[in-house]
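Peer 1: Here it is, the structure in full.
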Amino acid sequence: MKRRRISIRLAHFWLVLACGLVPASLAPGQGTIVYHQPAAPLFGLVGLTLDLNGDGQVDSRFYSASYIPASYYATGASGVGTAQLLVTPNAGLDGGSHLVALGPDFLIGGTIDESLLWAGQDASNSYGDATVLGSYIAEDAAGSLIPVGYFYGTTAFMGIHFQIDSEWHYGWVRIRGGTAGLSDDGQQLYLNPPGWILDWAYDMRPDAPILAGAVPEPSTLSLLLVSGAAFWLVRKRL
């Protein structure tokens, strides 16, 4: 009997707490991030396109930026349509840029360093054509493979600024960059390093910045329902 009274009181407590916190689960900013993770990482990069919000409009593409006569092998990326990528211009070169490899929690859409810029595919000086990763063969006796690009051998985030209808949104794409040379199984020689797209997300609110790596947070109500279910199972055993 004593256990039953305690169970009823706890159940009443959870009910009151849930009712009191429902408005918090509906507060602005909750559940505004749309996240997508493919069943398996998208391998290869070259030839891949991304439609971040699934509206049938490609927002970014990856392509071969290799120049074989110079023993230069690379993958490039650009926005499609009005979409822009966060890049840094090539220093001392006639145009082009590098795709910026962002760390976790970088505020995409916030104030950026003067060395960075948002570039679309029609940007001046070909800044919209960004190198993702690559390698070139050094002119030495060993013929060493020299790494190129900020995503070489690392996992980081790409920043993207794109439109849904007429409104602008910020998002991120997580890319894992491989390395040049023999594959892990020794069966493949990569002059142009492979890469993988792991997942991506964007904020549904127009012009709202997003943290690199941010994913939707469970609502307060959802957490309470899970907690309540756990309590029900415990109560059933009493």
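Peer 1: Return the residue satisfying two criteria in turn: it lies in region 78-96 and is at positive phi and surrounded by fewer than 17 Cβ atoms within 10 Å (Cβ to Cβ), and of such residues it is modelled with the lowest pLDDT. Let's see the steps before the verdict.
Peer 2: Pass one, region 78-96, residues at positive phi: 81, 92, 95-96.
Now restrict to residues that are surrounded by fewer than 17 Cβ atoms within 10 Å (Cβ to Cβ): 81, 92, 95.
On the way: G81: 96, G92: 65, G95: 80.
Looking at residues that are at positive phi and surrounded by fewer than 17 Cβ atoms within 10 Å (Cβ to Cβ), I get G92.
Peer 1: Working carefully through the options W196, W172, find the one that is in contact (Cβ under 8 Å) with a residue 12 or more places away in the chain and under 14 Å from F43 (Cβ atoms).
Peer 2: Working: W172 fails: under 14 Å from F43 (Cβ atoms).
Going through W196, W172 in turn, just one is in contact (Cβ under 8 Å) with a residue 12 or more places away in the chain and under 14 Å from F43 (Cβ atoms): W196.
Peer 1: Can you give me the number of residues within region 33-74 that are more than 19 Å from A214 (Cβ to Cβ), of a type outside the set (A, V, I, L, M, F, W, C) and touching a Gly at 6+ places or on another chain (Cβ under 6 Å)?
Peer 2: Within region 33-74, residues that are more than 19 Å from A214 (Cβ to Cβ), of a type outside the set (A, V, I, L, M, F, W, C) and touching a Gly at 6+ places or on another chain (Cβ under 6 Å) number 2.
The values are calculated or read from the model by the stated rules, or taken from the named source; none is laboratory data. What you are looking at is a predicted structure, and each value in this text was computed from that prediction instead of being measured. Every residue, glycine as well, gets a Cβ built from its backbone with ideal geometry; the counts of neighbours run over all protein chains shown.
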